[in-house]
Amino acid sequence: MNNFAKFWRQFYELGGYHNFLQGLKNTALIAVLGLVIGFIIGAVISIVKLIPSKHPIVKFFKGFAEAYVALFRGTPMVVQLLLMHFGLFPLIGLSLDSVFEAVIIFGMNSGAYMSEIIRSGINAVDVGQMEAGRCVGVSYSSTMVHIILPQAIKNIIPTIGNEFITLIKETSVVSFIAVMDITKSFQAIGTSTYEYFVPYIVLALVYLIIVLAITLGIKAIEKNLKKSERSGGVK
Amino acid sequence: MDNVLLHVEHLKKTFEKTAVLKDISIDILQGDVVAVIGPSGCGKSTFLRCLNCLEDPDPGSIIVFDDVNIADIRIDINEHRKNMGMVFQQFNLFANKTIIDNITFGPLNAYKKKLGFFKSIASHFNGGYKKEKKAQQEKALALLSRIGLEDKAKAYPSTLSGGQKQRVAIVRALAMNPKVILFDEPTSALDPEMVGEVLNLIKDLATNGMTMVIVTHEMGFAKEVANKVLFFNEGVIEEQGSPDELFKNPKSERLKEFLSKVL
């Protein structure tokens, strides 16, 4: 029996694909929810960092934001995962589903990167936009929400797409805390057949296909956004 | 005097350690069209931006508007900026909003703020917001037709020419029914053939009695439209008076020198 036949037998006939589907679901769940949580955390942090105020309370939150970013960018994701799963969560008596844990940690980690992405996006919006908003009597925060952020997000969609791709690939470390993901599902096949080459090639292809599909999706979104600004009223 | 719209007293502004404005005092009356001229770096733009506190004046400065000292950082400046339009050199139309939304953004925000948090949420459900939005859109369309751009209502700013953008920016300021409009070099970023259309609109406002403060390099325009000219130099008002006085009989050496260069 050649290697590919061995793989196929284990994957299809002996039910290895159940693991794969479970892994696909977990990978998608962790990456998508991680991105959403990361975006929310990142938006809050970046706005805190940009508030033009020297008030002590604001200063305290700014310091907190700096520390947060330094901590989560300065250590590897695996270490954060292990530290939380085997250290912090048991210490505070929190027992969560491992997938849910992974979602939280991926979200928090992504939040640190996302805050820098969003900050650069906000900084790239011309200051005149904020001034114009303030000059029609609109508050700083309302101008931020209605004028600055929409433009900033449009600027950073390609970078957010990049972050999403990174997250998808990074999910391959969640097997450290016993979560079934795509990588682990193919590892299991190798372990059963004592043949690793084919499963890992297929694994690489699966990641590649997912990433290429996302890339296409991002391009479509970008194109759509560009079009919306050019259409309407002008022939 | 009760027709004083803006009372400026001891206005100072320091950036880092550089004093950009050194003790400016001036009254701007109802219906005044004030042209602010002077060499670059003399503080005329800073003066304008201090009037609506885009730059916070130094402590101790007094700017009385709406019977309140708006230089005091404890007041809610947003309330008073509603009554004070501003037009920028770079137009600064909201890039993510259509022309009509650019114009209605300020008034609709003011409407929501007037209602307060809970009532403004409720207004989305009881039709109040919709009604206000429709009224503001009609008003915006009327303003747009005044400048001949009603067909651009649904277009985005990026599709407009510089002159069109600036006229929309002026209309956006008008939509707030301001008591005064501040112009920060409104024609400096325009191609020469578009300067006329913008200046004509400003002239039109002047004949309708709008109070305006205009920082400009267009001396001919200042002469024609303004009833008061301020010549700024090194952070002080070096000379002020009617256009006739200033342009025909400049007293200070600096103004003579400045005029000889620009006229």
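Bear in mind these aren't lab numbers, they're just calculated from the coordinates by the rules spelled out. Computed from a prediction, not measured in an experiment: that's the story for all the values here. Backbone-built Cβ (ideal geometry, glycine too); neighbour counts: all protein chains shown.
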- Note on the structure: Residues meeting the amide H criterion for residue B:36 (H placed from the backbone, H to H distance under 5 Å, 5 or more places apart or on another chain) are B:214, B:215, B:216, B:230
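Taking the Cα centre of chain A as origin, sum charge times position over the Cβ atoms of Lys and Arg (+1) and Asp and Glu (-1), and report the length of that vector in debye to the nearest 20.
Details: 19 positive and 13 negative charges, 142 e Å.
In debye, rounded to 20, chain A gives about 680.
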- Message: As I understand it, the value is the acute angle between the Cα axis of helix B:162-174 and the longest principal axis of the Cα atoms of chain B; what does it come to in degrees, rounded to 10?
- Response: 80 degrees
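Work the Kirkwood hydrodynamic radius out for chain A: mean of 1/r over every pair of different alpha-carbon atoms, inverted, in Å. Show your work: numbers first, answer last.
Working: mean 1/r = 0.0492 Å⁻¹.
Hydrodynamic radius (Kirkwood, Cα only) of chain A equals 20.3 Å.
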- Query: Based on the alpha-carbon gyration tensor of chain B, what equivalent-ellipsoid semi-axes (square roots of 5 times the eigenvalues) come out, in whole Å, largest first?
  - Reply: 33, 23, 15
- Task: Quick one: Debye curve from the alpha-carbon atoms of segment A:1-57 only, equal weights, vacuum; give me log10 I(q)/I(0) at q = 0.13, 0.22, 0.26 Å⁻¹ to two decimals.
- Result: -0.58, -0.86, -0.96
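Could you list the GluC sites (Glu not before Pro) in segment B:1-98 that lie in coil according to DSSP, counting only those with at most 14 other Cβ atoms within 10 Å of their Cβ? Walk me through the numbers before you get to the answer.
Numbers: sites: B:9, B:16, B:55, B:79; in loops: B:16, B:55.
Sparse-neighbourhood loop GluC sites (Glu not before Pro): B:16.
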- Task: Rounded to whole Å and sorted largest first, list the principal axis extents of the Cα atoms in segment B:46-126.
- Result: 46, 31, 16
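Which links in B:97/B:133; B:113/B:133; B:12/B:223; B:82/B:152 stretch past 23 Å when you go from one Cα to the other?
Working: B:97/B:133 15 Å; B:113/B:133 14 Å; B:12/B:223 28 Å; B:82/B:152 25 Å.
The pairs that break the limit, which is 23 Å between Cα atoms, are B:12/B:223; B:82/B:152.
Enumerate by residue number the chymotrypsin sites (Phe, Trp or Tyr not before Pro) in segment A:146-235 meeting two conditions: DSSP loop (anything except H, G, I, E, B), and at most 13 other Cβ atoms within 10 Å of the site's Cβ.
A:194
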- Query: Given the protein assembly as shown, what whole percent of its Cα pairs are spread farther than 35 Å?
  - Reply: 50 percent
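What number comes out for the charge environment of residue B:61, summing +1 per Lys or Arg and -1 per Asp or Glu over other residues with Cβ under 10 Å away? Present the calculation step by step, with values, prior to reporting the outcome.
Details: positive: B:12, B:13; negative: B:9, B:23, B:56, B:58, B:72.
Net charge in that neighbourhood comes out at -3.
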- Query: Taking the Cα centre of the protein assembly as shown as origin and charging only Cβ (+1 Lys, Arg; -1 Asp, Glu), how large is the dipole, in debye to the nearest 20?
  - Reply: 1280 debye
- The answer for residue B:27, listing residues at least 5 apart or on another chain whose modeled amide H is closer than 5 Å to its amide H, is B:8
- Task: Pull out a ≥ b ≥ c, the square roots of the eigenvalues of the alpha-carbon gyration tensor of segment B:131-186, then state rounded if a/c is under 1.5, prolate if not and a/b is larger than b/c, and oblate in the remaining case.
- Result: oblate
- Task: Answer with one residue from A:175, A:94, B:95: the one whose Cα lies farthest towards the positive end of the charge dipole of the protein assembly as shown, charges on Cβ with Lys, Arg +1 and Asp, Glu -1.
- Result: A:175
- Query: Say the dipole of chain B comes from +1 at the beta carbon of Lys and Arg and -1 at that of Asp and Glu; which of B:118, B:34, B:69 then lies farthest toward its positive end?
  - Reply: B:118
- Item | Angle between chain A longest axis and helix A:98-124 axis [Cα atoms, degrees, rounded to 10] | 40 degrees
- Note on the structure: With +1 on the Cβ of every Lys and Arg and -1 on the Cβ of every Asp and Glu, the dipole magnitude of segment A:78-200 about its Cα centre, in debye rounded to the nearest 20, is 200 debye
- Message: Using DSSP to call loops (not H, G, I, E or B), can you name the trypsin sites (Lys or Arg not before Pro) in segment A:21-118 whose Cβ has at most 15 other Cβ atoms within 10 angstrom?
- Response: A:54
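When only C-alpha pairs under 8 Å and at least 6 residues apart count, what is the relative contact order of chain B, in percent?
Details: 435 pairs, mean separation 70.9, N = 263.
Relative contact order of chain B: 27 percent.
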